[in-house]
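See structure below.
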Amino acid sequence: MTQDTKDPDTILDSAASNGHKTEQGANKSFIVSHWRLIGCFLLVLAIAGMYLWKNVAVYRAKAQLTERAGQIITDQNKSFLRLAVVPLAWAVRTEMMGGNYNQINLYLTQLVKEQNMKGIIVAKPDGTIVVATDKKLEGTPVASVFPPSVLQEDKTIVSTQENGDIMVVSPIMGLNEKLGVLILLYTPPGHSLQGF
């Protein structure tokens with residue numbers, strides 16, 4: 001059989017298979033000729049992914065450290081405030097027994113000048129505020145500013161209010177009776193890891 005006498009179907013099949021082989025060869029030659037470009041692209045993609053993953057990990061670690069540091073600072077502030085209020089309550093007790101409210105006022109005025117100190121009051125057992133660093137509160141009932149339960153405290157307690165302030169309540173005990181209650185408010189300083 002000569003070339004002129006070949007079956008037309010055979011010619012079409014042969015042409016189709018040659019075209020398919022040509023496409024495959026073109027795809028292989030594109031990958032082979034651009035393997036460096038594809039490799040660089042995949043490397044850049046891997047580096048960008050690692051960079052993003054590291055940034056997320058660092059952000060999470062900073063958030064956890066900030067929260068933990070904040071809790072430690074708050075606990076230390078509470079401990080120091082409790083230690084500071086006990087001798088203040090003793091000094092106030094001595095002056096209350098002598099009826100010397102002007103001296104109590106001097107103590108509180110000096111102490112409230114300390115950094116982050118928000119306010120201090122002294123109330124009688126009936127709930128009337130007798131000395132306060134905010135003079136508008138003097139003569140008003142404790143229940144108008146604080147929970148009424150502060151009057152029933154028989155030991156020094158430290159709590160955190162909803163706004164983040166630390167409240168210290170200490171009873172002022174006389175020889176035979178409770179003379180009143182001392183309430184101190186402290187605003188803790190903010191804390192962050194911005195410098196790191």
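No lab work stands behind these numbers, since they all come straight from the coordinates. It should be emphasised that the depicted structure is a prediction, and the values quoted were computed from it without experimental measurement. Neighbour counts run over all protein chains shown; Cβ positions are idealised from the backbone, glycine included.
Put in order of Cβ neighbour count within 10 Å, fewest first, the listed residues LEU184, LEU108, LEU45 become LEU45, LEU108, LEU184. Extending 7 Å from Cα along the Cβ direction at VAL130 and again at ILE73 yields two label points whose distance is 3.7 nm. With a Cα cut-off of under 20 Å and a minimum spacing of 8 residues unless on different chains, the lysine pairs in segment 76-166 number 10. Between LEU43 and TYR59, the simple spin-label model (points 7 angstrom out along Cα→Cβ) gives 2.8 nm. Seen from ILE104, the other residues with C-beta closer than 13 Å to its C-beta sum to a net charge of 0, counting Lys and Arg as +1 and Asp and Glu as -1. Given their separation in residues at 0.36 nm each and the Cα-Cα distance between them, ASN100 and PHE80 gain 4.5 nm when the chain is fully extended. Evaluating 6.51 cos²θ - 1.76 cosθ + 1.60 at θ = phi - 60° for every residue in segment 157-168, the Karplus couplings come out as 10, 10, 9, 9, 7, 4, 7, x, 5, 9, 10, 10 Hz, glycine and proline recorded as x. Taking trypsin sites (Lys or Arg not before Pro) across segment 102-196, the ones in a DSSP loop with at most 14 further Cβ atoms lying within 10 angstrom of their Cβ are LYS113, LYS155. Over all pairs of distinct alpha carbons, what does the Kirkwood formula give as the hydrodynamic radius of segment 51-186, in Å? When all Cα pairs of segment 51-186 are included, the Kirkwood radius is 16.3 Å. Applying both filters, DSSP loop and at most 12 other Cβ atoms within 10 Å, to the GluC sites (Glu not before Pro) of segment 107-192 gives GLU114, GLU162, GLU177. Available extension along the chain between VAL112 and SER149 is 11.0 nm, counting 0.36 nm per residue and deducting the alpha carbon span.
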